[in-house]
Amino acid sequence: MEVRLFGAAAEKASARSLRVPGPTTVAELLVLLAEQVPQLGDLLPRCMVAVNRVYAGPETPLREGDEVAVIPPVSGGGAAFSISEQPLFAEPLMAAVSGVDAGAVVVFYGNVRASTGSWRTSELQYEAYPEMAVAEMERIGAEAGARWPGVRVAAAHRVGRLLPGDVAVIVAVASPHRAEAFTAGQFVMDAIKMLVPIWKKEVAPDGRSFWVEHA
């Protein structure tokens with residue numbers, strides 16, 4: 001079975017995919033991966049596994065032909081939801097959610113900052129599992145709409161090499177009322193950071209680097 005790797009998992013394994021013989025469940029897959037690539041041992045307990053672009057539990061059965069991916073802890077479609085290597089702009093997202101029923105449109109920009117405490121950042125390197133990332137953002141947007149009727153969501157995340165001051169993510173939320181727009185916007189951004197398979201590596205001016213978990 002072919003298993004896709006991302007972020008810190010790909011770096012530790014020095015591979016973007018691995019061939020694992022015959023796992024029948026997600027739990028067995030993780031055991032086989034730890035045996036095949038000992039460097040993954042300390043990371044695997046913190047990883048999730050996606051099967052056919054849906055998060056899967058330990059007892060989820062695996063079959064030849066499944067699309068399987070190991071998802072390290074995350075940092076995380078159509079016009080409304082996208083992953084891009086190009087600079088991001090708010091206007092297309094605002095257009096996707098705006099309408100005559102929207103009394104409020106809230107736009108959040110997530111920018112690359114130059115320092116976090118004593119750590120100085122020279123660049124961030126973002127990586128995504130793009131097909132699943134878009135699907136997860138769509139799901140989060142739908143959940144926001146179910147929680148706050150009338151809310152519409154659009155989001156875009158950039159990947160690749162970003163410098164301090166660059167825009168990494170934009171979320172746009174429209175709602176009949178401003179309170180729901182602000183609340184839903186925070187919910188969406190927090191969910192993207194926790195659940196969407198997008199990873200970032202912090203790189204310092206001296207070359208030191210690390211993968212960020214749940215940042």
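Only one residue of Gly65, Pro45, Trp199 has its Cα farthest out toward the positive end of the dipole of the chain, where Lys and Arg carry +1 and Asp and Glu -1 on Cβ, and that residue is Trp199.
Take every Cα pair under 8 Å whose residues are at least 6 apart in sequence, average their separation, divide by the length of region 143-210, and the relative contact order is 25 percent. The distance from the alpha carbon centre of region 81-117 to that of region 166-208 is 9 Å, rounded to a whole number. For region 95-169, the relative contact order works out to 45 percent when only alpha carbon pairs closer than 8 Å and six or more residues apart are counted. What is the chain by shape, rounded, prolate or oblate, if you read a ≥ b ≥ c off the alpha carbon gyration tensor as root eigenvalues and call it rounded for a/c under 1.5, prolate for a/b larger than b/c, and oblate otherwise? Since a/c reaches 1.5 but b/c is at least a/b, the shape of the chain is classed as oblate. Sorting Arg113, Arg139 by the number of Cβ atoms found within 10 Å of their own Cβ, with the fewest placed first, yields Arg113, Arg139. Normalised by the number of residues in region 2-71, the mean separation of alpha-carbon contacts (under 8 Å, six or more apart) gives a relative contact order of 39 percent. A Cβ-based charge dipole, computed about the Cα centre of region 81-212 with Lys and Arg at +1 and Asp and Glu at -1, lands at about 300 debye. A simple count of charges around Glu2, restricted to other residues whose Cβ falls under 10 Å of its Cβ and scoring Lys, Arg +1 and Asp, Glu -1, yields -1. Cβ crowding within 10 Å ranks Phe187, Phe6, Phe210, Phe182 as Phe210, Phe182, Phe187, Phe6, fewest other Cβ atoms first. Here region 2-71 is treated with +1 on each Lys and Arg Cβ and -1 on each Asp and Glu Cβ, and its dipole about the Cα centre works out to around 200 debye. When Ser209, Ser115, Ser82, Ser175 are sorted by how many other C-beta atoms sit within 10 angstrom of their C-beta, beginning with the fewest, the order is Ser115, Ser209, Ser82, Ser175. As a rough guide to protection, the peptides 155-168, 40-53 ranked by mean Cβ packing within 10 Å, highest first, stand as 155-168, 40-53.
Just so you know, all these numbers are worked out from the coordinates, no wet-lab data involved. Worth saying up front: this structure is predicted, and the values here are computed from it rather than measured. Counting neighbours? That spans all protein chains shown, and the Cβs are built from the backbone with ideal geometry, glycine included.
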